[in-house]
Amino acid sequence: MNKATSLKLQHNIALKHLNTFGINVIARDFVEITAEEELPAMLTLINTYSGPVMFLGGGSNVLFVQDYDGLIIKISLRGINIVHQDDEEVYVRGMAGENWDHFVQFCVNNHYGGLENLSLIPGNVGTSPIQNIGAYGVEVKDTFYKLEAICLRTGAFREFFASDCAFGYRDSVFKNELKGRYLILAVVFKLHKHPVLNTSYGAITSELQRMNLNPSVKNIALCVSAIRRSKLPDPEELGNAGSFFKNPVINSEHAEELKARYPQLPVYPAGNGVKIAAGWLIEQCGLKGFRKGDAGVHQKQALVLVNYGNASGNDILAIAKLVKDEVLKKFNVMLHPEVNIIE
Ligand code: FAD
Ligand code: EPU
């Protein structure tokens, strides 16, 4: 049988195990893409489908608020290959459905430097450029070379280089004017065989010392993974989607005024403005560890909202609203969600 006609459309599929928040909702229709040969049939399905359509990767940056009365397309295209290398650099390509940390550890184990600070972030390779994932002083944009995508309307193949992506803090063109218009198929990273290591984030240096390790690509990956395990809840044990809100960027006058009132406030330079730590603001509002029913604010990291078991998307949104209102009242700072809310 021609693979192009072999899409397996399923109905009334439970999504609880397909989103890291563990929200128990049902998708009206569901299809999983595992081979590129299925893409023509997928495009036909999208263009003839009546109702909303969304892609799903690892489900680690979404909050479903209700059953999804539409079509979910889970992207499970896998594979890692080296597209080009010389004595200095290596271009490594990951297919969209490849698990992000698996991809990072492939690079780390081969001593290709550049992604080690991004170890242990959940999700998939294809999603990584959408919000320009970042952690411990590094963002995807720092080693991004290009991505391969198809336009959902025309079916045309297109490559996007960094200059096409408008990368910003947890932001890219794919969250703005091109939102929902392309399927990302693969991403190519330009990595280094003789990397300059990034230990600028203080916690990495102290963790290297604590673990008695020299700085290296592999050891940074180990340290970052250890730090993350100590702070962030494992979605297998406690539903969450990482930071629920972005760290807000405010103007320097406002930052100075806050800093005068709250000298402990963590601040970071951010272009013309100042980025401030939302987790700190939430903790100062007395909400760290707050729980109502099965929804709450994580006990160790106030920027992470959690599902203790059977919270609904609306239960999580109610906590998010409380957090947002309290931070606005106390600090006059508006928080914006990082998580994609699917209503
Ligand atoms: P999903 O949640 O499946 O999808 C996210 C969005 O992308 C959706 O709108 C979806 O429709 C769209 N999409 C998915 N695949 C495709 C595709 N192939 N083409 C086009 N659109 C697509 N993020 C950070 O930046 N830094 C962190 O340190 C970090 N830590 C985290 C820690 C925890 C414990 C958790 C649970 C999350 C964390 N995150 C972090 C957030 C999350 O891991 C990232 O946003 C990740 O990139 C999401 O990938 P995903 O495949 O799970 O995306
Ligand atoms: N803080 C508190 N209380 C808290 C949480 C944090 O006071 O409950 C303070 C910390 O003490 C620290 C500052 O806030 O001084 C920053 O905290 P942390 O280093 O834990 O990082 P973050 O700003 O809360 C960001 C990212 C994370 C990323 C880490 C490490 C955002 C929205 N979040 O968190 O990304 O892993 O830095 O680089 O930028 C994600 O995007 O999902 C995510 C987890």
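The values are calculated or read from the model by the stated rules, or taken from the named source; none is laboratory data. It should be emphasised that the depicted structure is a prediction, and the values quoted were computed from it without experimental measurement. No Cβ is skipped: glycine too gets one built from the backbone with ideal geometry, and neighbour counts run over all protein chains shown. Areas reflect the complete protein model, heavy atoms only, side chains present, ligands, DNA and RNA absent. Shrake-Rupley method; radii C 1.70, N 1.55, O 1.52, S 1.80 Å.
Within 15 Å, Cβ to Cβ, of G309, how many net charges do the neighbouring residues add up to if Lys/Arg are +1 and Asp/Glu are -1?
-2
Considering amide H positions built from the backbone, and no H for Pro or chain starts, which residues 5 or more places from Y49, or on another chain, come under 5 Å of its amide H?
none
Using only the alpha carbons, work out the radius of gyration and Dmax of segment 80-230 in angstrom.
Calculated on Cα positions, Rg and Dmax stand at 15.6, 55 Å.
Put +1 on the Cβ of every Lys and Arg and -1 on every Asp and Glu Cβ in the chain; which of F244, H192, F167 then has its Cα farthest towards the positive end of the dipole?
The residue sitting farthest along the positive end of the dipole is F244.
For segment 113-222, what number of Lys pairs, 8 or more residues apart or on separate chains, have alpha-carbon atoms under 22 Å from each other?
11
What number, in percent, do you get for the relative contact order of the chain if the mean sequence gap of Cα pairs under 8 Å and at least 6 apart is divided by its residue count?
Across the chain, relative contact order equals 16 percent.
Kirkwood Rh over Cα pairs of segment 10-75 into Stokes-Einstein at 25 °C, 0.890 mPa s: D in µm²/s?
202
Given a 10 angstrom Cα cut-off, can you work out which residue in G70, G137, G271 is the most mobile in a GNM of the chain?
G271
Given A27, I133, V327, which one lies farthest toward the positive end of the charge dipole of the chain, if we put +1 on the Cβ of every Lys and Arg and -1 on the Cβ of every Asp and Glu?
V327
Could you provide, to the nearest whole Å², the per residue accessible area of the chain with probe 1.4 Å?
I get 47 Å² per residue for this part.
Let me understand the chain better: what is its radius of gyration from the alpha carbons, and its Dmax, in angstrom?
20.7, 70
Under the rule of -39500 (n - 2.57) per DSSP H run of 4 or more residues, summed and divided by the residues of the chain, what mean residue ellipticity at 222 nm is obtained, to the nearest 500 deg cm²/dmol?
-7500 deg cm²/dmol
Of all the accessible heavy-atom surface of the chain, with the other protein chains kept in place and a 1.4 Å probe, what percent is carbon and sulfur?
Carbon plus sulfur share of accessible area: 49 percent.
Note down the accessible area of M42, probe 1.4 Å, to the nearest 10 Å².
Roughly 0 Å² of M42 is accessible to a 1.4 Å probe.
Over segment 275-339, how many pairs of lysines fall under 16 Å by alpha carbon, counting only those 8 or more apart in sequence or from different chains?
Counting lysine pairs in segment 275-339 gives 8.
Dipole size in debye (nearest 20) for segment 221-343 around its Cα centre, Lys and Arg Cβ +1, Asp and Glu Cβ -1?
Charge dipole of segment 221-343: 300 debye, to the nearest 20.
GNM, the chain, Cα, under 10 Å: largest mean-square fluctuation among G134, G126, G79?
Top of the fluctuation ranking is G79.
Which one, N99, S230, N81, projects farthest toward the positive side of the charge dipole computed for the chain from Cβ point charges (K/R +1, D/E -1)?
S230
Show which aspartates and glutamates lie in cross-link reach of K8 when reach means a straight Cα distance below 20 angstrom and same-chain residues fewer than eight apart are skipped.
D29, E32, E36, E37, E38, D69
For G58, which sequence-distant residues (separation of 5 or more, or a different chain) have an amide H within less than 5 Å of its own amide H, given hydrogens modelled in the peptide plane?
Here the answer is N124, since their amide H atoms fall under 5 Å of that of G58.
Which net charge results for the neighbourhood of I276, defined as the other residues with beta-carbon distances under 14 angstrom from its beta-carbon, given Lys and Arg at +1 and Asp and Glu at -1?
Net of charged neighbours comes to +1.
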